[in-house]
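The values are calculated or read from the model by the stated rules, or taken from the named source; none is laboratory data. Quick caveat, the model's predicted, so the values are computed rather than measured. Heads up, the Cβs are rebuilt from the backbone with ideal geometry, glycines too, and the neighbour counts pull from every protein chain shown.
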Amino acid sequence: MRVAPSTAYDARELATFLRASDRAELAENARRLGTVKFPCDLVQESFRKSLSWTLWRGDDVVGMGGASESPKPGIGIIWFLGTDLADTHWRDMTRACRAVMRMEHERFPILMNVAPPGSDARLRWLSHLGFDIGKTEANGPLNGYVAFWSRRCCTAPTGD
């Protein structure tokens, strides 16, 4: 699997082949937040708002992810959207996502987001990636969603 900075072409490919679970989550988020946007518009918007990375398997887009700046300094809102290949090549995708997390942690000490209700498999995968999973649910328009986050690892300086 190859990881490369995303392009507008990658975003169009992803929007065309977006897996059903991500399409449904984008539509539900738009509904809860009161926006009227189609999932492909939201993919394009995510691409334009932040530096993002595309995961490739050969000539096929597996997924795209990155982190957008939060209103709170030092916090990146991490996201990932995939095609059906993300589910069939999950081991390679997990390695690639860890690489993207390391790159995003260079920009943001904390990466966080929320997962929709009933996404136990996704929460297990996020935990496997190294995210901490919240014990309480979000409030407001995303009531019922579960928060997850990761803090940049710090190591003691080495002597010369």
>> Which numbered condition in (1) assigned to a loop (DSSP other than H, G, I, E, B); (2) at pLDDT below 90; (3) not aromatic (Phe, Trp, Tyr) is the only one that Glu45 fails?
In response: (1)
> Which condition does Phe108 not pass, out of (1) under 26 Å from Gly144 (Cβ atoms); (2) surrounded by fewer than 18 Cβ atoms within 10 Å (Cβ to Cβ); (3) modelled with pLDDT of 90 or more; (4) of a type outside the set (Gly, Ala, Ser), if it passes all the others?
Replying inline: (2)
> Checking Thr88 against (1) crowded, with 20+ Cβ neighbours inside 10 Å; (2) without any contact (Cβ under 8 Å) to a residue 40 or more places away in the chain; (3) β-branched (Val, Ile, Thr), which single condition isn't satisfied?
Replying inline: (1)
>> Just the residues that are of a type outside the set (A, V, I, L, M) and under 15 Å from Ser21 (Cα atoms), please, taken from segment 53-89.
In response: Gly63, Trp79, Phe80, Gly82, Thr83, Asp84, Asp87, Thr88
>> If a residue must be more than 21 Å from Phe108 (Cα to Cα) and among the hydroxyl-bearing types (Ser, Thr, Tyr), how many such residues does segment 62-97 contain?
In response: 2
